[in-house]
1. What whole-number distance in Å separates the alpha-carbon centres of the range 122-153 and the range 332-353?
2. Please list the three semi-axes, largest first and in whole Å, of the ellipsoid equivalent to the range 76-130, using sqrt of 5 times the eigenvalues of its alpha carbon gyration tensor.
3. Around Ala128, what is the net charge, scoring Lys/Arg as +1 and Asp/Glu as -1 over all other residues with Cβ under 10 Å from its Cβ?
4. Any of Lys148/Lys344; Lys199/Lys353; Lys353/Lys399 with alpha carbons more than 26 Å apart? Name them for me.
5. Please give me the summed charge of the neighbours of Tyr290: other residues whose Cβ is under 14 Å from its Cβ, Lys and Arg +1, Asp and Glu -1.
6. Counting other Cβ atoms within 10 Å, which trypsin sites (Lys or Arg not before Pro) in the range 262-301 have at most 10 and lie in a DSSP loop?
7. Report ³J(HN,Hα) in whole Hz for each residue of the range 282-296, in order, from the Karplus equation J = 6.51 cos²θ - 1.76 cosθ + 1.60 where θ = phi - 60°; Gly and Pro get x.
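Each value in this text was obtained by applying a stated rule to the coordinates, not by laboratory testing. Quick caveat: nothing in here was measured; it's all calculated off a predicted structure. Cβ placement follows ideal geometry from the backbone for every residue including glycine, while neighbour counts extend to all protein chains displayed.
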Amino acid sequence: MTKCHVLAAAVLLACAGARGEAQVAPMAVAADGTAAPVPQQAVTLEEYLRLVVRNQPSLAADRLETGLARADTRTASAFPNPTASAYGKPGEHGVGIEQPIPIFGQRGLRIENAKKGEMTAAAHADVAVNTALNEAALAFNELLVAQKRVEVWQDAQQSLDKAAYIVRGQIEAGARSKYDGSRLALQLAQMGMQVAKAKAALRAAATHAAQVAAIPRWNARAEGSVQTLEQQLPDYETLWAQAGTRLPALRSAQAELDQARHKIDVARRDALPTPSVGVTRVKSRGDGNYTQWGVSMEIPLFDRNQGAIDRAKMEAEQAELRWQAANRNAQSELYGALQQLELKRESVHAYEKQGLSQIDPLKQMAGDAYRLGQGGILELIDALGSITEHRLEYLDLVKDYLDAEWQVRLASGNVPQMD
């Protein structure tokens with residue numbers, strides 16, 4: 001296997017999960033305020049995603065929505081507070097207490113609706129996590145490929161250095177003019193600039209990856225697994241059958257729909273009056289001491305909670321339409337992601353067969369032609385530059401493939417669980 005093929009294989013898929021956790025040291029601050037571990041070596045995709053979910057303060061804030069929903073459940077579980085009263089008049093005074101009693105199941109329905117709110121909040125948090133994972137995976141792929149671009153430019157620099165050795169030998173032997181040496185020296189200077197630009201791009205990619213992971217001073221490094229593209233592409237029907245239960249966007253829309261429908265029952269039950277039982281202890285100068293019992297209840301004559309019922313119905317219709325939109329959007333995203341993955345894979349395969357296979361022979365022929373006097377310095381420089389260009393173009397194709405592969409995983413709900 002050639003060096004280019006080894007390089008190609010190393011950047012194809014970014015997370016095998018075959019090795020253990022990266023060695024870390026507590027140097028940053030996690031979202032919960034505790035010491036966050038900063039990796040001291042290159043991380044795989046899954047390790048990087050775990051860092052992002054653990055460290056991002058915005059995700060921690062989103063997860064608190066579930067706690068807020070639990071607080072609503074506790075509020076719904078509480079019984080109405082009693083009302084104390086006291087009065088006094090000449091010859092008589094009394095104290096009483098009145099307790100509303102929701103005998104028509106209002107409290108139970110409110111508790112059930114609040115628990116559905118907990119499920120909705122949890123689904124919303126999962127959607128936020130998915131969004132963060134998507135940004136993180138793209139940042140990881142960019143970092144991984146940026147590292148390989150630096151390697152390509154450094155390898156090109158080494159090849160040019162070897163060519164310079166040949167050119168100097170030809171000049172000293174009188175077979176070539178000093179023009180060849182000057183032209184190659186200029187090319188070496190340009191090559192140094194390209195290596196520096198590639199390193200700057202790598203530094204920017206590492207900074208972005210560290211920013212996404214909320215570890216500002218981390219010198220991020222990515223590690224890819226050595227795998228090939230010779231794998232069976234999943235079919236749409238199989239992935240969609242899995243996506244229906246795994247996609248956070250669909251689960252969120254379904255949870256919102258379930259809660260909205262349940263709110264209709266809550267509003268209808270709230271239309272029923274809540275009776276209040278009261279007891280008053282009276283001390284009267286004329287009648288003595290006695291206890292007075294009573295029951296009071298609102299008469300739903302003018303307000304039958306119809307406005308709240310109608311609003312709940314409209315909210316349920318909105319939630320159903322949003323669920324339909326989320327469902328269709330998810331199907332479109334999965335179908336489009338699969339098409340893109342197939343196209344990107346075909347591009348990589350075609351370039352491997354038609355482009356990469358010519359790199360080593362081209363490099364050998366260019367050097368031999370110059371030694372034998374069959375080509376000039378410009379042809380040699382052009383050949384070496386063409387080799388570098390092809391390798392960089394291949395890395396661009398690989399980057400597109402990695403992104404497309406991740407989009408299929410994301411669209412099918414096949415993302416790492418970050419509990």
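1. Each part reduced to its Cα centre gives a spacing of 19 Å.
2. They are 45, 12, 5 Å, listed from largest to smallest.
3. -2
4. Lys199/Lys353
5. It works out to a net charge of +1.
6. Listed in order of number, the matching sites are Arg285.
7. 10, 10, 10, 5, x, 9, x, 9, 7, 10, 10, 10, x, 10, 10
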